[in-house]
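Colleague: Here you go, one structure.
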Amino acid sequence: MIKVGIIGATGYAGAELARLLLQRDDAEIVWYGSRSYVGEDFSFIYRNVAHLTGEPCRDDDMEKLSEIADVIFTATPQGFCASQVTEEILSRTKIIDLSADFRIKDVDVYEQWYKLKHSTPQFLPEAVYGLPEINREKIRKARLVANPGCYPTCSFLTLYPMVKEGLIDTNTIIIDAKSGTSGAGRSAKVPSLYCEVNESIKPYGVASHRHTPEIEEQLSYAAGKPVTISFTPHLVPMNRGILATAYATLTRPVTAEDVKAAYDKYYQDEYFIRVMKQGMVPQTRWVEGSNFVDIAFQIDPRTNRLVMMGAIDNMVKGAAGQAMQNMNLMFGLPENTGLKQIAVFP
């Protein structure tokens with residue numbers, strides 16, 4: 001039995017972790033950490049888990065939690081995990097951080113984009129970027145995993161084989177992405193209110209979204225050289241889902257068979273990645289509630305560009321599901337343990 005602690009359990013990502021973990025027979029949640037709801041029963045806050053747990057919410061004492069948990073998930077704002085983690089804690093337990101604290105290796109880049117002073121940069125070299133399809137073997141041995149952001153997960157997986165195989169010019173990458181409102185978190189904000197979001201769509205973080213350097217860093221590793229992108233996210237009036245459409249100039253003439261072969265080279269054995277048949281396009285409704293990634297592409301011969309499309313559930317593969325996928329690897333379990341849920345439709 002894996003003893004699990006969740007700090008930030010009452011945010012959307014933390015609650016999604018609880019939903020997934022409570023369906024497992026090999027894991028026990030021993031700590032629902034929530035600074036806002038200390039003493040209140042978790043199932044009173046999230047009635048979807050009524051009768052599945054009677055545990056109250058506790059504080060965010062990582063030191064104390066590390067003495068009883070085999071793994072700690074920190075579904076917290078940027079800065080928290082970095083301010084709490086110590087060598088002593090990591091000697092006792094594993095940590096999967098859902099914030100950006102350990103995703104970006106260059107501390108100066110992190111501090112520039114997140115406007116925070118990094119508290120523990122000494123742990124950056126050992127932190128493993130938790131994208132299982134790319135860093136599987138490193139994750140197995142890790143004690144500190146930086147769970148990727150939702151936009152970076154969808155964008156990177158959609159582009160990775162094309163960048164790795166040199167089929168696209170990395171200087172021409174444009175990513176246009178749309179997300180449901182759960183990506184903004186659970187705390188009350190005027191831009192996330194129903195009347196502000198419903199019947200509308202808007203770009204935000206234009207040329208300044210803080211997931212940009214994370215996407216660029218990972219694509220740079222794949223390309224073997226620095227990559228700079230144009231990234232524009234949009235907020236759409238739905239609860240869940242991310243759809244990313246990426247555009248880039250082709251480096252040489254290719255056929256649809258060539259492109260499909262490149263995707264298959266990297267993804268044909270990946271349980272969670274579904275490369276679609278030619279002519280199909282991904283839709284968020286076919287991944288909602290699941291850990292799957294749907295990817296499609298279209299060659300545009302008129303402009304000599306490749307259009308690459310990907311869809312994920314931002315709360316599952318973009319957050320909690322991927323975090324649990326990482327946990328499975330860290331504990332030597334089949335990667336899809338507890339993650340075989342099929343998308344909910346309608």
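Every residue, every condition in (1) free of Cβ contacts under 8 Å to residues at least 60 places away in the same chain; (2) in contact with a Cys (Cβ under 6 Å, 6 or more places away or on another chain); (3) part of a helix (DSSP H, G or I); (4) outside the structural domain of Gln283 (by TED's automatic domain parsing), yes or no:
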position: Arg136; (1), (2), (3), (4): no, no, yes, yes
position: Leu159; (1), (2), (3), (4): no, no, yes, no
position: Gly166; (1), (2), (3), (4): no, no, no, no
position: Ser182; (1), (2), (3), (4): no, no, yes, no
position: Ala188; (1), (2), (3), (4): yes, no, no, no
position: Ser200; (1), (2), (3), (4): yes, no, no, no
position: Val206; (1), (2), (3), (4): yes, no, no, no
position: Glu214; (1), (2), (3), (4): no, no, yes, no
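Colleague: So which residues in region 275-304 are surrounded by 19 or more Cβ atoms within 10 Å (Cβ to Cβ) and assigned to a strand (DSSP E or B), if there are any at all?
Modeller: Val275, Val293, Asp294, Ile295, Ala296, Phe297
Colleague: Let me ask you something else. What are the residues in region 308-332 that are surrounded by fewer than 24 Cβ atoms within 10 Å (Cβ to Cβ) and within 22 Å of Met162 (Cα to Cα), if any?
Modeller: Met309 - this is the single residue of region 308-332 that is surrounded by fewer than 24 Cβ atoms within 10 Å (Cβ to Cβ) and within 22 Å of Met162 (Cα to Cα).
Colleague: Condition first: under 22 Å from the mean Cα position of the chain (by Cα), surrounded by 15 or more Cβ atoms within 10 Å (Cβ to Cβ), over 27 Å from His118 (Cα atoms) and touching a residue at least 60 places away in the same chain (Cβ under 8 Å). Can you find one or more residues in region 85-103 that meet it?
Modeller: Scanning region 85-103, I find no residue that is under 22 Å from the mean Cα position of the chain (by Cα), surrounded by 15 or more Cβ atoms within 10 Å (Cβ to Cβ), over 27 Å from His118 (Cα atoms) and touching a residue at least 60 places away in the same chain (Cβ under 8 Å), so the answer is no.
Colleague: A follow-up question, please. Filter region 234-254 down to the residues that are within 26 Å of Pro301 (Cα to Cα) and touching a residue at least 12 places away in the same chain (Cβ under 8 Å) and list them by number.
Modeller: Those that are within 26 Å of Pro301 (Cα to Cα) and touching a residue at least 12 places away in the same chain (Cβ under 8 Å): Leu243, Ala244, Thr245, Ala246, Tyr247, Ala248, Thr249, Leu250, Thr251, Arg252, Val254.
Colleague: Continuing with this model, one more query. Being over 20 Å from Asp269 (Cβ atoms) and polar (S, T, N, Q) is the filter here; which residues of region 331-346 pass it?
Modeller: Within region 331-346, just Gln341 meets the criteria.
Colleague: For region 232-250, indicate whether the set of residues that are aliphatic (A, V, I, L, M) and exposed (fewer than 14 other Cβ atoms within 10 Å of the Cβ) is non-empty.
Modeller: Among the residues of region 232-250, not one is aliphatic (A, V, I, L, M) and exposed (fewer than 14 other Cβ atoms within 10 Å of the Cβ), which makes the answer no.
Colleague: Give the residues of region 138-157 that are without any contact (Cβ under 8 Å) to a residue 24 or more places away in the chain and either assigned to a loop (DSSP other than H, G, I, E, B) or on the phi > 0 side of the Ramachandran plot (or both), sorted by residue number.
Modeller: Those that are without any contact (Cβ under 8 Å) to a residue 24 or more places away in the chain and either assigned to a loop (DSSP other than H, G, I, E, B) or on the phi > 0 side of the Ramachandran plot (or both): none in region 138-157.
The values are calculated or read from the model by the stated rules, or taken from the named source; none is laboratory data. As the structure is a prediction and not an experimental result, all values here were calculated from the model. No Cβ is skipped: glycine too gets one built from the backbone with ideal geometry, and neighbour counts run over all protein chains shown.
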